[in-house]
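What follows is a set of notes on a single structure, which appears directly below.
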């Protein structure tokens, strides 16, 4: 793992990425998750408490700087309603499960015991208009 800021995109499509960035900007989204397998393939990308990373627009331009405040490992079927609601996309655990099951099915496979990296973060600053694109590593909902 590294203290070097990492870049990533939220979601797996341009519309979803834009929606999730807007939720972070609004303060509604303060958490995200990704399958552990993504970080096993790219350990440098694993979120670290205190590290500031750059969320990218779909075109690779910097959008937001976030700071990780908590990282936990959790099975998909053990995600709490509090965490699901902190992701800001849904108004219930059941809706979160439905949406995220689809995301994980599209991005490598899903099972109830799929291990997730669950990250809580805070928005540090909005980088809209920043000139330097970064390297996208993927990112969950």
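The values are calculated or read from the model by the stated rules, or taken from the named source; none is laboratory data. Keep in mind it's a predicted model, so treat the numbers as computed, not measured. We place every Cβ from the backbone using ideal geometry, glycine too, and count neighbours over all the protein chains shown.
For the reader, a short list of remarks on this structure follows.
- Within the range 85-99, considering residues that are under 16 Å from residue 24 (Cβ atoms) and either surrounded by fewer than 16 Cβ atoms within 10 Å (Cβ to Cβ) or out of contact with any strand residue (DSSP E or B) (no Cβ under 8 Å at 6 or more places or on another chain) (or both), the one modelled with the highest pLDDT: 85
- Residue check, residue 64 in contact with a helix residue (DSSP H, G or I) (Cβ under 7 Å, 6 or more places away or on another chain), surrounded by 15 or more Cβ atoms within 10 Å (Cβ to Cβ) and over 20 Å from residue 21 (Cα atoms): no
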